[in-house]
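Just below is one structure, and these are the notes that go with it.
The values are calculated or read from the model by the stated rules, or taken from the named source; none is laboratory data. Owing to the predicted nature of the structure, the values given are computational and were not obtained by experimental measurement. Cβ sites come from the backbone with ideal geometry, for glycine too, and all protein chains shown count toward neighbours. With ligands, DNA and RNA removed, areas are computed over all heavy atoms of the protein, side chains included. Shrake-Rupley method; radii C 1.70, N 1.55, O 1.52, S 1.80 Å.
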Amino acid sequence: MRLAIFDLDNTLINGDSDHAWGEFLCQRGIVDEAEYRAANDHFFRQYQSGALDIHEFLNFALRPLANHAPEQLQSWHDEFMQECIEPMMLPAAQALLEQHRQAGDYLLIITATNSFVTAPIAARLGVDGLLATEPERVGDRFTGRVAGTPCFQGGKVVRLNAWLEETGYTLAGSSFYSDSHNDLPLLEQVERPYAVNPDDRLREVATERNWPILDLRV
């Protein structure tokens, strides 16, 4: 079975779920709006430029998870899915997933956004597996810290290689779809890299290397 691997944010959905979750927290008054939004936007600009310190960002982004009970977090996330994520759904992206599903491929999302935010989105998209940055838990409570290797830049390769070793899958015939130059380390590992509505840096590399460039926002 071949692997069809997908980035999530701005690839399978028309937006960034990590940044949107921060905006949701601000709009609901769950965090200090002015302070949190300024930091959220700052880290998002760093991500876009390729200069994000992932550990600094995660110290910021995972903190709200530690401040609330799991039941409350889940209730908020249910609202977040309906209000913020559903409008980001892309029919062309869902058609692409279905194309790979019908071909018998294993559908795997690999994303830097933490699994609290992304697991329900992956379930909504009907994929087979998810590799995401994992928030640390003690019992059923989040600690505000990250567990293991963040699933970001070269960390995606580390996490995927560990998953391959655990599952027995290989990258033979594999494809990976992403919008971001931050994913170049993994795009260079698969047999069929695809640039999806790419940022300027990824578009330049994809053009130089003759990688297909897709538009899923049609």
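For the chain, a crude dipole built from +1 on the beta carbon of Lys and Arg and -1 on the beta carbon of Asp and Glu, taken about the Cα centre, is about 340 debye to the nearest 20.
Among 168, 126, 29, the largest mean-square fluctuation in a Gaussian network model of the chain, built with springs joining Cα atoms closer than 10 Å, belongs to 168. DSSP assigns beta bridges within the chain; of those with both partners inside it, close to 20 percent run antiparallel.
For the range 17-86, with all protein chains present and a 1.4 Å probe, just round the carbon and sulfur fraction of the accessible area to a whole percent. Please report the intermediate quantities before stating the final value.
Details: 1590 of 3450 Å².
Solvent-exposed carbon and sulfur of the range 17-86 make up 46 percent of the total.
Labels on offer are [x] 0.93; [y] 0.95; [z] 0.99, and the one holding Rg/Rh (Cα atoms, Kirkwood Rh) computed from this structure is [y]. Basic side chains Lys and Arg get +1 at the Cβ, acidic Asp and Glu get -1 at the Cβ, and with that the dipole of the range 110-197 about its Cα centre reaches some 240 debye.
Helix 115-125 and the longest principal axis of the C-alpha atoms of the chain enclose an angle of approximately 50°. Backbone amide hydrogens, once placed in the peptide plane, bring residue 214 within less than 5 Å of 195, 196, 197, excluding anything fewer than 5 places away on its chain.
Rounded to the nearest 0.05, what FRET efficiency do residue 143 and residue 83 give with R0 = 22 Å and r taken as the Cβ-Cβ distance? Could you check?
Values: r = 27 Å, r/R0 = 1.24.
Efficiency computed from Cβ-Cβ geometry: 0.20.
Please give the charge dipole size of the range 17-86, origin at the Cα centre, charges +1 on K and R Cβ atoms and -1 on D and E Cβ atoms. Round to the nearest 20 debye. Before the final figure, lay out the partial values.
On the way: 4 positive and 13 negative charges, 38 e Å.
It works out to roughly 180 debye.
With the other protein chains left in place, how much accessible area per residue, in square angstrom, belongs to the chain at a 1.4 angstrom probe?
Details: 9860 Å² over 218 residues.
Counting only protein heavy atoms, the per-residue value for the chain is 45 Å².
The C-alpha atoms of the chain define a longest principal axis, and helix 91-102 lies at about 60 degrees to it.
Between helix 33-49 and the chain there is an angle of about 20 degrees, using the helix long axis and the longest principal axis of the Cα atoms.
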